[in-house]
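Student: Could you have a look at this structure, given as structure tokens, before my questions?
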Amino acid sequence: MTESISTMAQLKISARNVEVHYGDTIAIKDVSVDIPANSVTAFIGPSGCGKSTFLRCLNRMNDTINICRVTGDILIDGQDIYDHNVDPVQLRAMVGMVFQKPNPFPKSIYDNVAYGPKIHGLARNKADLGDIVEDALRKAALWNEVKDRLGSPGTGLSGGQQQRLCIARAIATSPEVLLMDEPCSALDPIATAQIEELIDTLRQNYCVVIVTHSMHQAARISQKTAFFHLGNLVEYGDTDQIFTTPHDTRTESYITGRIG
Amino acid sequence: MTTTANSLLVRDDRTKRRNAAELRFRAYGLGAIGIAALALVLLLSSVLSSGVGAFSQTFITLETSLPEAKLNKSGLRDPAVMAKVSTFGYAPLLRDALLTRIAELGITTSLSDKNVDAMISKEAAASLRDHVLANPDLIGGKVTMDVLADGRIDGYFKGRVTMESAARDGNTSPEALRVAQRLADAGVIETRFNWRFLTAPDASDQRPEAAGLGVAILGSLYMMLVVLVLALPIGVAASIYLEEFAPRNRLSDLIEVNISNLAAVPSIVFGILGLAIFINFSGLRQSSPLVGGLVLTLMTLPTIIISTRAALKSVPPSIRDAALAVGASKMQSVFHHVLPLAAPGILTGTIIGLAQALGETAPLLLIGMVAFVREYPAAYSHEAGLFGEAATALPVQVFNWTQRADPGFAERASGAIIVLLVFLAVMNTVAILLRRHFERRW
């Protein structure tokens, strides 16, 4: 398995023996996974299986939960992100995240996208910042819809547009990894299709990791799929292989709809 | 179940009972609102009816001659010498002026000099003296001034004093009222809007007509400034730390419980605390707005902290996540995103806390703000010690006036309550407007 990954693409994220505890309960047990760059990796599994928890380890969002404890190593580009010297704030600029429910700031569309670059000092001047905003909105396939009303509130957009705005906001800090936690679960099918199409194009520039409830979505957009069950990483491999010839019976049961 | 029970056109017993219960509940609710509204109407109408008189005042227009012989015996116009003539020197001048006016109008009266004196406020001689000392050139000529009528005369024109009550009153007589009525018919006595009520300082027991709220309003204003400047930043900083940064453990639980308890502590306890710490220990001046403001700050802090924490809690966590996920630090996420969203709640809580502090009396009594302040404290006209001079406050002034014997002060007290209520209404309106303004942004 390790061999197939190294031959396929450059390695971006490498997790080794990751365990996550919430107080006394264990949420994730001994997960090791290698995620390649410039690809879409999907985490699937039934509710409560730990896939979102693991995703939130990748940008240390779990740090905000007091009782959460993470052990093991997670390396991004060979650097241990849980090292004492790593400031999570810097890490999160490099590892963007999009949440389940669209959560734009209650500010203008422009300010939503400009916020990240502003606090990280990515723009030298106003024109520069405008370029970054435009670029991010274009990459998020939202520019044509909002270019005439950048000053209007981001919360006034439709659900799908809001989610693309959140993607633009994440892209604006020029991250290398983009984490998506069920980004389409609150959206209608048309908006979902747009986001999926967008994710497929984002793959050229970013390492995308997506948590999804929909196996069909995982099959449509991802190159790699990891199946989580009860805190364990049951199976990880090329998406085609997982959905056609799963090695583990639990994976087979899940994708055929018998568990989950 | 029988087949007839299944008809939708007939209500079964259960439905009827439920509908009746709902109807009863609505009636209770309406009744409760009715009682509350009635209480409010009663309160407002009683305060308004007894207090509105304080906003008008009766004045006598007098042309007083200022004889050189009495006011400036030396002829040197030396201010120090002239100041030796006390208000007792000026009172007869006013009486003469009034007697002259009465004679000119052809009113025949059996009033003695003393009774005529009693028609003019004791304050009048003092204000005439002040006026003359400020303009010494007037001496030897005549000056026309509107002087305050006595409280009984004032009360007669407002309906508080009647011929019958005057007959039983040692301070006035039906004859004096009759003369006053003739003077009013001739336009010499006039009742008009009373700015002095809002600007003048308090006056002694014998002259309710001269008493005003000026010092009390200033004192309250300064105290509110102290409260705002101290309680808002301290309260907001404490809440932000407790809500956003503090680890959840026994210590923070203990602090939380204690803050809630502090909010329920009777306000007089804060007065005792203020007396012990700010006056006895720190040696700050008693009855000063600074000490009053500090005590009210302590009292208002829990209110502000509780409402600020509630406002912070109501900001959805997804906003914090969103900010953290683009690489904002904890502090950036709080100050850039959470705080602006919580601002309307914080402002409302602060203004309600301020309003509470504005109407608070008990702790101020303990730190000596119940003092009788006859003059504008010197500091109000000078630069130093703006907050350190003795002052009083609106609710304390009400308390003070209700204790005085002269019925003129009862009217003043109600008038002061109206002023206080107006201030409170304005503050609450501001709170609502601010809330709307910030909430409407998106």
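Student: Shape verdict for the protein assembly as shown, please, from the Cα gyration tensor: rounded (a/c under 1.5), prolate (a/b greater than b/c) or oblate. Kindly include the intermediate steps, with their values, before the conclusion.
Tutor: Values: a/c = 3.42, a/b = 2.57, b/c = 1.33.
Cα axes put the protein assembly as shown in the prolate bin.
Student: Sticking with this one: Within a 10 angstrom radius of the beta carbon, how do A:Cys166, A:Cys68, A:Cys49 rank from fewest other beta carbons to most?
Tutor: Numbers: A:Cys166 28, A:Cys68 17, A:Cys49 23.
Arranged by neighbour count, lowest to highest, A:Cys166, A:Cys68, A:Cys49 become A:Cys68, A:Cys49, A:Cys166.
Student: Just B:Gly89, B:Gly212, B:Gly415 to compare: in a GNM of chain B, with alpha carbon springs under 10 Å, which one fluctuates most?
Tutor: Highest fluctuation among the options: B:Gly89.
Student: Oh, and also: How would you rank A:Lys118, B:Lys70, going from fewest to most other Cβ atoms within 10 Å of each one's own Cβ? All intermediate terms of the calculation are to be shown ahead of the outcome.
Tutor: Working: A:Lys118 18, B:Lys70 14.
Arranged by neighbour count, lowest to highest, A:Lys118, B:Lys70 become B:Lys70, A:Lys118.
Student: Count, for each residue of A:109-115, the Cβ atoms from other chains sitting within 10 Å of its Cβ, then give me the mean as a whole number.
Tutor: Working: counts 0, 0, 1, 2, 1, 0, 8.
Counting other chains' Cβ atoms within 10 Å and averaging over A:109-115 gives 2.
Student: Return the Cα extents of region A:55-137 along principal axes one, two and three, sorted largest first, each rounded to a whole Å.
Tutor: For region A:55-137, the Cα spread along each principal axis is 43, 28, 18 Å.
Student: A further question follows. Averaged across B:311-324, how many Cβ atoms of other chains sit within 10 Å of each residue's Cβ atom?
Tutor: What the average comes to for B:311-324 is 4.
Student: In addition: Taking each residue of B:326-336 in turn, how many C-beta atoms of other protein chains fall within 10 Å of its C-beta, and what is the average? Working shown, then result.
Tutor: Details: counts 20, 19, 8, 6, 4, 0, 3, 3, 0, 0, 6.
Mean inter-chain Cβ contacts per residue within 10 Å come to 6.
Student: What whole number of Å gives the distance from the Cα centroid of region B:117-166 to the Cα centroid of region A:101-179?
Tutor: 74 Å
Student: Rank A:Gly48, A:Gly160, A:Gly231 by mean-square fluctuation in a GNM of chain A with C-alpha springs under 10 angstrom and give only the top-ranked residue.
Tutor: Result: A:Gly48 has the largest fluctuation of those listed.
Student: Separate question: Starting from the Cα coordinates of region B:54-194, work out the convex hull volume and express it per residue in Å³.
Tutor: Details: hull volume 15.1 nm³, N = 141.
Dividing the Cα hull volume of region B:54-194 by its residue count gives 107 Å³.
Student: While we're here: Test of understanding: express the Cα radius of gyration of region B:302-346 as a ratio to 2.2 N^0.38 Å, with N the residue count. Don't jump to the answer; show the numbers that get you there.
Tutor: Numbers: Rg = 10.7 Å, N = 45, 2.2 N^0.38 = 9.3 Å.
Relative to the rule-of-thumb radius for its length, region B:302-346 sits at 1.15.
Student: Just need log10 I(q)/I(0) for region B:1-110 at q = 0.12, 0.14 Å⁻¹, Debye formula, equal scatterers on the alpha-carbon atoms, no solvent, rounded to two decimals.
Tutor: Cα-only, vacuum Debye calculation for region B:1-110: -0.79, -0.86.
Student: Additional query: Run down the lysines and flag those whose C-alpha is under 24 Å from the C-alpha of A:Lys29, throwing out any fewer than 8 positions away in its chain.
Tutor: A:Lys12, A:Lys51, A:Lys224
Student: Give me P(r) over region A:5-255, computed from all C-alpha to C-alpha distances, binned every 10 Å, as integer percentages.
Tutor: In order of increasing distance, the bins hold 7, 31, 35, 20, 5, 0 percent.
Student: Which shape class, rounded, prolate or oblate, goes with region A:49-191 when its Cα gyration tensor gives a ≥ b ≥ c as root eigenvalues, a/c under 1.5 marks rounded, and past that a/b bigger than b/c marks prolate? The partial results should precede the final answer.
Tutor: Numbers: a/c = 2.38, a/b = 1.44, b/c = 1.65.
Oblate, because a/c is 1.5 or more while a/b does not exceed b/c.
Student: Over chain B, with a Gaussian network built from C-alpha contacts below 10 Å, which listed residue (B:Ser329, B:Ser65, B:Ser121) shows the highest mean-square fluctuation?
Tutor: B:Ser329
Student: Would you mind checking which residues have amide H under 5 Å from B:Thr191's amide H? H placed 1.01 Å from N; only 5 or more apart, or other chain.
Tutor: Amide H neighbours of B:Thr191, under 5 Å, 5+ apart: B:Phe59.
Student: Measuring from centroid to centroid over Cα atoms, what is the spacing of region B:215-249 and region A:9-88 in Å?
Tutor: 42 Å
Student: Would you list, by chain and number, the aspartates and glutamates whose Cα falls below 16 Å from the Cα of B:Lys84, excluding same-chain residues fewer than 8 positions away?
Tutor: B:Glu68, B:Asp130
Student: In addition: Let me spell out the model: positive unit charges on the Cβ of Lys and Arg, negative unit charges on the Cβ of Asp and Glu, origin at the Cα centre of region A:54-123. What dipole size does that give, in debye rounded to 20? Please report the intermediate quantities before stating the final value.
Tutor: On the way: 7 positive and 7 negative charges, 82 e Å.
The dipole of region A:54-123 has a size of about 400 debye.
Student: Cα extents of region B:43-102 along the three principal axes, largest first, in whole Å?
Tutor: Projected onto the principal axes, the Cα atoms of region B:43-102 cover 59, 30, 14 Å.
Student: Based on other C-beta atoms within 10 Å, arrange B:Lys158, A:Lys51, A:Lys12 from fewest to most. Walk me through the numbers before you get to the answer.
Tutor: Numbers: B:Lys158 17, A:Lys51 28, A:Lys12 21.
Lowest to highest Cβ neighbour count: B:Lys158, A:Lys12, A:Lys51.
Student: Is chain B rounded, prolate or oblate when judged by the Cα gyration tensor, a ≥ b ≥ c being the square roots of its eigenvalues, rounded requiring a/c under 1.5 and prolate requiring a/b larger than b/c? Kindly include the intermediate steps, with their values, before the conclusion.
Tutor: Values: a/c = 3.19, a/b = 1.70, b/c = 1.88.
Here chain B falls in the oblate category.
Student: Starting from the amide H of A:Ile210, placed 1.01 Å from N in the peptide plane, find each other amide H under 5 Å away whose residue is 5 or more places distant or on another chain.
Tutor: HN-HN under 5 Å from A:Ile210: A:Thr41, A:Ala42, A:Phe43, A:Met180.
Student: Further question on the same structure: Would you compute, from DSSP H runs of 4+ residues alone, the mean residue ellipticity of chain B at 222 nm, taking -39500 (n - 2.57) per run and dividing by the full residue count, rounded to the nearest 500?
Tutor: On the way: 20 runs with 266 residues, N = 442.
For chain B, the value works out to -19000 deg cm²/dmol.
Bear in mind that the values in this text are calculations on the coordinates, not laboratory data. Nothing here was measured: the structure is a model prediction, and the numbers come from that model. Ideal geometry is used to build each Cβ from the backbone, glycine not excepted, and the neighbour counts take in all protein chains shown.
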